[in-house]
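Every number in this text was worked out from the coordinates using simple rules, so none of it is lab data. Note that this is a predicted model, so its numbers are computed, not measured. Using ideal geometry, Cβ is built from the backbone for each residue, glycine included, and neighbour counts are taken over all protein chains shown.
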Ligand SMILES: Nc1ncnc2c1ncn2[C@@H]1O[C@H](COP(=O)(O)OP(=O)(O)OP(=O)(O)O)[C@@H](O)[C@H]1O
Ligand SMILES: [Mg+2]
């Protein structure tokens, strides 16, 4: 059983607070994705779990053991480093087998596991090479294979696919998910690629400026963002926002329309809607098209609604052009409301 | 100007300098070593090699190198590892440890002579605590082992720092991430030293060892100060040919023999610590 418990972990670098009291429990065999913008503290949190960084405050538990005082090698983890850290003086084979050699695994078993994981990462033809003779993406796959070969209880991956081309990334993503599910490994996976996060995660933890702002299933994070930040971060393009002025009895004026909203607010709220949750109708926001981007399966129209940028995803067979006037109606049940003070979702 | 010639142009001054002050004297010495009354000859080599002191001085030189260099290698690796893990005070410690580098080898020999000689510190101390009833002459022909030990000590004290500074610089160049990866994948501190530090330090080890081994074959002043004629080495024999026996041809032949030994050992070291192509950091 390798559940991970992060209790009140904070990290300070000098006077800079990189992590603010993080609480996170990851259950056994769960695939947890840490998602967040560059510099929000994902790597720092991962390194604290690995034991490469000591938390300023808080506890880390893996399984039934408190591990924050243990060196990395006693934590039963394997890790894919953001900068790969593939050993330059060892061949790809010895790199992948490094941890197994340290664990004094028999030669036959090392060979078997190295070959299997190299195949999985499509680098089996590179086994005799040194890392100086590899491309960045190949080196990254060596780093992934090296971690997988350990067959650990817990695997920590810091943007393990960031350097691969789109096609390979898609394939590796599927492979990883399959392998880790099969081996019943608990995984923490760092990425800033939302699609990757959505497709891999059992649960996504969205990080922002050293805090976890929401921890939920991908659908939940997408459908019900808990904070204004999450709504503006998740989704490509992210949600549209308009300010909403209360008109009494749960009614709000949003742009040129009056809509039903959460009861009881007397202060203005923020109205939010996903671009794909807008439909063309007679009754909606008056929008002026500014930019049209055909994206293949659909069409992205960036419009102006009451002086605010507003994006809508439309059918690809529509013909809209710059300057067109559209009427965009939000679909029922897809609207979110945020409190501009606390940034939290109201409904 | 053609860019292809630029590198050659840039190294031209150094090349000229080397030709003037290294190649030219080297050619002169070689001439002396090989020239006889009737044209080129190997007579001088035959002469120095067949002299009875040659085998013993060769043996002493090699023995000294074989004992001193490994001790220095181990010590400097240990010291370099310690220094590179220090935060505050690192530079101070490094300066203190490298002080002996600033002392000439003859002065170093004399310092250790002052310790070991009959009226030296060691004797005063032993006499003071009553360990000996009268001062002992440690550095006499009756105690060849102590003479050797004193020379080894003086050499270790004097010339470990030169390896230390090279290795400290080399260790500083190894990215921290490799240690972290090794740590995560189960390597103990000792394993990290053997599996990460040592192999990634090969280029620096090469430099340090080549320098140190060549210096070991040229050892002279320390030996002269501590052992006098009790411990003949190749360099002291060369000196004797040149200045006592006034035989510059023989001295030149000795010099070339030392050069030959240095070249061979350099090649051996470079080969042994070669980093395969593609395996460089
Ligand atoms: N050793 C350190 N010393 C000082 N500050 C640090 C250190 N490591 C990280 N930081 C700071 O902590 C913050 C979080 O860094 P971290 O590497 O965790 O970001 P990240 O979320 O992994 O970003 P990215 O997606 O770019 O990798 C950054 O602002 C960074 O500057
Ligand atoms: Mg990072």
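Among A:26, B:269, what is the fewest-to-most ranking by other Cβ atoms within 10 Å? Could you put the intermediate results ahead of the total?
Working: A:26 23, B:269 20.
The fewest-first ordering by Cβ neighbours comes to B:269, A:26.
Work out how much length residue B:190 to residue B:143 would gain on full extension: take 0.36 nm times their residue separation and subtract the Cα-Cα distance, in nm to one decimal.
Numbers: separation 47, 0.36 × 47 = 16.92 nm, distance 3.91 nm.
13.0 nm is the gain from fully extending residue B:190 to residue B:143.
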Open item on the list: Quick check: residue separation of residue B:19 and residue B:271 times 0.36 nm, minus the Cα distance between them. What number comes out in nm?
Closed with: 88.0 nm
- [ ] May I ask you to list the residues of the stretch B:209-227 whose amide nitrogen lies under 20 Å from a point 7 Å from Cα along the Cα→beta-carbon direction of residue B:118?
- [x] B:224-227
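What's the exposure ranking of A:321, B:195, A:184, A:42, going from fewest to most Cβ atoms within 10 Å? Display every interim value, and only then the final one.
Values: A:321 8, B:195 22, A:184 11, A:42 25.
Ranked by crowding around the Cβ, least crowded first: A:321, A:184, B:195, A:42.
Give me the inter-chain shielding for A:69-78: mean count of other chain Cβ atoms within 10 Å, whole number please.
On the way: counts 0, 0, 5, 8, 9, 1, 1, 1, 2, 3.
For this peptide, the per-residue mean of nearby foreign Cβ atoms is 3.
Compute the FRET efficiency between residue B:211 and residue B:26 as 1/(1 + (r/R0)^6), taking r as their Cβ-Cβ distance and R0 = 22 Å, and round to the nearest 0.05. It would help to have the intermediate numbers written out before the result.
On the way: r = 19 Å, r/R0 = 0.87.
Efficiency at R0 = 22 Å is approximately 0.70.
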TODO: Find the Rg to Rh ratio for the stretch B:193-281, where Rh is the Kirkwood radius over alpha-carbon pairs and Rg uses the same atoms.
DONE: 1.16
- [ ] Please list the equivalent ellipsoid semi-axes of the protein assembly as shown, computed as the square roots of five times the alpha-carbon gyration tensor eigenvalues, in descending order and whole angstrom.
- [x] 74, 29, 23
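Listing A:251, A:65, A:203, B:4 from the residue with the fewest other Cβ atoms within 10 Å to the one with the most, what is the order? Kindly include the intermediate steps, with their values, before the conclusion.
Working: A:251 14, A:65 11, A:203 18, B:4 7.
Ascending Cβ contact count within 10 Å gives the list B:4, A:65, A:251, A:203.
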TODO: Kindly provide the helix-only [θ] at 222 nm of the protein assembly as shown, computed as the sum of -39,500 (n - 2.57) over DSSP H runs of four or more divided by all residues, to the nearest 500 deg cm²/dmol?
DONE: -13500 deg cm²/dmol
Open item on the list: Place a point 7 Å from the Cα of residue B:62 along the Cα-to-Cβ direction; which residues of the stretch B:207-227 have their backbone N under 13 Å from it?
Closed with: none
- [ ] Could you work out how far the C-alpha centroid of the stretch B:154-168 sits from that of the stretch A:134-183, in angstrom?
- [x] 45
Open item on the list: Angle check, please: helix A:166-182 long axis (alpha carbons) against the longest principal axis of chain A (alpha carbons), in degrees 0 to 90, nearest 10.
Closed with: 70
- [ ] Using a 10 Å cut-off on Cβ to Cβ distances, tally the other chain neighbours for every residue of B:185-196 and report the average as a whole number.
- [x] 5
TODO: Please identify, among A:140, A:214, A:17, the residue showing maximal mean-square fluctuation in a Gaussian network model of chain A using a 10 angstrom Cα cutoff.
DONE: A:17
Task: DSSP beta bridge pairing in the protein assembly as shown, given as percent antiparallel to the nearest 5 - done: 75
- [ ] With label points built 7 Å along Cα→Cβ from the Cα atoms of residue A:263 and residue A:168, find their separation and express it in nm.
- [x] 5.8
TODO: With an 8 Å cut-off on Cα pairs and a minimum separation of 6 or more residues, tell me the relative contact order of chain B in percent.
DONE: 28
TODO: With springs connecting C-alpha atoms under 10 Å apart, model chain B as a Gaussian network and identify which of B:139, B:113, B:20 has the largest mean-square fluctuation.
DONE: B:20
TODO: Mind checking B:171-184 for the average number of partner chain beta-carbons within 10 Å of each residue's beta-carbon?
DONE: 6
Task: √(5λ) per eigenvalue of the Cα gyration tensor, the stretch B:11-70, largest first, Å - done: 29, 24, 5
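Calculate the FRET efficiency for residue A:331 and residue A:308 from the Cβ-Cβ distance with a Förster distance of 22 Å, rounded to the nearest 0.05. Mind showing how you got there, number by number?
Working: r = 19 Å, r/R0 = 0.87.
Approximately 0.70, to the nearest 0.05.
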Task: Point-to-point label distance, residue A:347-residue B:41, nm (Cα→Cβ direction, 7 Å offset) - done: 11.6
Open item on the list: Once you place label points 7 Å from the Cα toward the Cβ at residue B:264 and residue A:23, how far apart are they in nm?
Closed with: 7.5
Open item on the list: Rounded to two decimals, what is the ratio between the C-alpha radius of gyration of chain A and 2.2 N^0.38 Å?
Closed with: 1.17
Task: Nearest-0.05 FRET efficiency for residue A:280 and residue A:128, computed from C-beta distance (R0 51 Å) - done: 0.30
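Hey, any idea what the orientation-averaged projected area of the convex hull of the stretch A:100-151's Cα atoms comes to, in nm²? Please list the in-between numbers first.
Working: hull surface 14.0 nm².
Mean orientational projected area (the stretch A:100-151, Cα hull): 3.5 nm².
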Task: Long-range Cα-Cα pairs in chain B (distance over 35 Å), rounded percent - done: 35
Task: Over the stretch A:227-337, relative contact order from alpha-carbon pairs under 8 Å, at least 6 apart, % - done: 26
- [ ] Order the peptides B:157-168, A:89-100 from the highest to the lowest mean number of other Cβ atoms within 10 Å of their residues.
- [x] A:89-100, B:157-168
Open item on the list: If you restrict to DSSP beta bridges whose two residues both lie in chain A, what percentage is antiparallel, to the nearest 5?
Closed with: 75
TODO: Taking only Cα atoms and a 10 Å spring cutoff, compute GNM fluctuations for chain A and point out the largest among A:206, A:110, A:221.
DONE: A:110
